[in-house]
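Each remark here refers to the structure printed beneath this line.
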Amino acid sequence: MTFRLIVFDLDGTLIDSRRDIADAANALLQSCGAGPLPEDRIGRMVGDGAATLVARAFAASGIERPADALDRYLAFYATRLLAHTRPYDGIAGVLRTLAASTALGVLTNKPLAATREILDGLDLARYFSAEAIVGGDGPFARKPDPSGLRHLAAAAGTPLDATLLVGDSIIDWRTAHAAPTGICLARYGFGFDGFPLSQVGPADLTIDTPVQLLDVCRRDV
């Protein structure tokens, strides 16, 4: 049996959005009187949703977080969703190849509206049906809760053991193991920075480039 459903994380897996996320977070911090944080440091804060990112940014800056910090961050980010964000090299071709024979989905902790705008703007939405995109502000708990992943598998009529989650962070790893589904860790993604390598088990798959996913998805499971 091969993987019949492949579900992708968004930030750090399909798209390199680190600079736009960092610019929005730093715009917020600077509006509150703090200095900017390094882009790579903010990148390591991504994965648990915008509210957690904002909390971590203020904690790292050592200043008090205002009550409207999340709303202000989302407003800053909404103006720069696609300023620098691009698909990782090879992603479009990988999706085009996989979509010919495999169901595809997206599972992200990013709000759904922003997710759709980014996928549309980068011409990636064509590879995912509207029902196969699950954001962090919908009816399902955010990752690492597995309910969104289980929903996508059930909607596709795919057994969990024939489902693969592709992601770059420990959050994705925990989600797949909780479901349980297969996991493929995108080591090229910014969320992989600081990943506890001791957690990687013999059944966990890894890739260093998006194109390597084509070989992974043709293996027997």
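Here are some notes:
- Some residue of the range 191-213 being hydrophobic (A, V, I, L, M, F, W, C) and within 14 Å of the chain's Cα centre (by Cα): yes
- Scanning the range 1-35 for residues that are assigned to a loop (DSSP other than H, G, I, E, B), hydrophobic (A, V, I, L, M, F, W, C) and touching a residue at least 60 places away in the same chain (Cβ under 8 Å) turns up M1, F3, L10, L14.
- Residue count for the range 60-110 satisfying the condition of being among the aliphatic types (A, V, I, L, M), closer than 20 Å to D23 by Cβ and surrounded by 14 or more Cβ atoms within 10 Å (Cβ to Cβ): 7.
- Of all residues in the range 83-122, those satisfying the criterion of being without any contact (Cβ under 8 Å) to a residue 12 or more places away in the chain and outside any helix (DSSP H, G or I) are A100, S101.
- Qualifying positions in the range 46-75 - closer than 19 Å to G135 by Cβ and of a type outside the set (D, E, K, R): V46, G47, G49, A50, A51, T52, L53, V54, L70, Y73, L74, A75
- Pick from the range 160-187, criterion surrounded by fewer than 20 Cβ atoms within 10 Å (Cβ to Cβ) and out of contact with any Lys or Arg (no Cβ under 8 Å at 6 or more places or on another chain), ranking: farthest from D16 (Cα to Cα): D161
- Counted residues, the range 123-158 - those being assigned to a loop (DSSP other than H, G, I, E, B) and either surrounded by fewer than 18 Cβ atoms within 10 Å (Cβ to Cβ) or over 17 Å from the mean Cα position of the chain (by Cα) (or both): 10
- Of the candidates G191, G201, the single residue that is small (G, A, S), outside any loop (DSSP other than H, G, I, E, B) and either surrounded by fewer than 23 Cβ atoms within 10 Å (Cβ to Cβ) or assigned by TED's automatic domain parsing to the domain that holds A92 (or both) is G191.
- For D161: the one exception among (1) over 21 Å from I42 (Cα atoms); (2) not assigned by TED's automatic domain parsing to the domain that holds D9: (2)
The values are calculated or read from the model by the stated rules, or taken from the named source; none is laboratory data. The structure presented is a predicted model; accordingly, all values stated were derived computationally and were not measured. Here the Cβ is made from the backbone with ideal geometry for all residues, glycine too, and neighbour counts use every protein chain on show.
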